[in-house]
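Below is one structure, written out as structure tokens; the observations come after it.
The values are calculated or read from the model by the stated rules, or taken from the named source; none is laboratory data. None of the values given here were measured: they were computed from a predicted structure. Cβ atoms come from the backbone with ideal geometry, glycine included; neighbour counts cover every protein chain shown.
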Amino acid sequence: MRRKSRRLLLISSALAVAGFAAGLTLFALRDSVVFFYGPTEFAEKAPAPGTRLRIGGLVARGSLAHVGDATVEFAVTDNSRDVRVRYTGLLPDLFREGQGVVAEGVVSGPDRFIADSVLAKHDETYMPREVADALKQRGEWQRESASASVASPGPAAVAAAPTLR
């Protein structure tokens, strides 16, 4: 066997092994590659208690309840299903009912979630893409909120932007 053909065989076998390893990794991570689960996906997948993941959607109106000093309970919804979330800590300033939110934590039971961090988007018209897609499929999408979320930056943002000279 010539030197060139040995090198080609070595390179092709290394690429095959790397491809196989990448395939196994993606297969093992197929359920956790998602940025977050919506409440409907959460209910369909029914993750086992103790599973760590992110859940996202809108804070359901009328669901926010303070339990003790720093603990709150609220429901995350996609207007189809709800998941009850319990969180202990400081909530983001923009957290409120009807607001888009992503909570990271562990599953505590069916439709129950204990969050250790809660994120709220800085734009008040934010809606997670999966929730917006679900609303569009059911015909409940509101065009006003869609156009507001892709609006150009306001004058304050333009004034604060650095200029190149």
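Of the residues making up region 36-47, none is aliphatic (A, V, I, L, M), at pLDDT below 90 and in contact with a helix residue (DSSP H, G or I) (Cβ under 9 Å, 6 or more places away or on another chain). Of all residues in region 54-69, those satisfying the criterion of being more than 21 Å from Asp133 (Cα to Cα) and among the hydrophobic types (A, V, I, L, M, F, W, C) are Leu64, Ala65, Val67.
Is one or more of the residues making up region 112-123 of a type in the set (A, V, I, L, M, F, W, C) and modelled with pLDDT under 85? Among the residues of region 112-123, at least one is of a type in the set (A, V, I, L, M, F, W, C) and modelled with pLDDT under 85, which makes the answer yes. When region 50-92 is filtered for residues that are part of a loop (DSSP other than H, G, I, E, B) and either of a type in the set (Gly, Ala, Ser) or over 19 Å from the mean Cα position of the chain (by Cα) (or both), the ones remaining, listed by number, are Gly50, Ala60, Arg61, Gly62, Ser63, Leu64, Gly68, Asp69, Ala70, Ser80, Gly89, Leu90.
Consider Thr77 carefully, then state whether it is in the same structural domain as Lys136 (by TED's automatic domain parsing), farther than 22 Å from Ala134 by Cα and modelled with pLDDT of 85 or more. Against the criterion (in the same structural domain as Lys136 (by TED's automatic domain parsing), farther than 22 Å from Ala134 by Cα and modelled with pLDDT of 85 or more), Thr77 does not qualify. Return a yes/no flag: does region 31-39 have any residue that is more than 26 Å from Ala132 (Cα to Cα) and either small (Gly, Ala, Ser) or in contact (Cβ under 8 Å) with a residue 24 or more places away in the chain (or both). There is no residue in region 31-39 that is more than 26 Å from Ala132 (Cα to Cα) and either small (Gly, Ala, Ser) or in contact (Cβ under 8 Å) with a residue 24 or more places away in the chain (or both).
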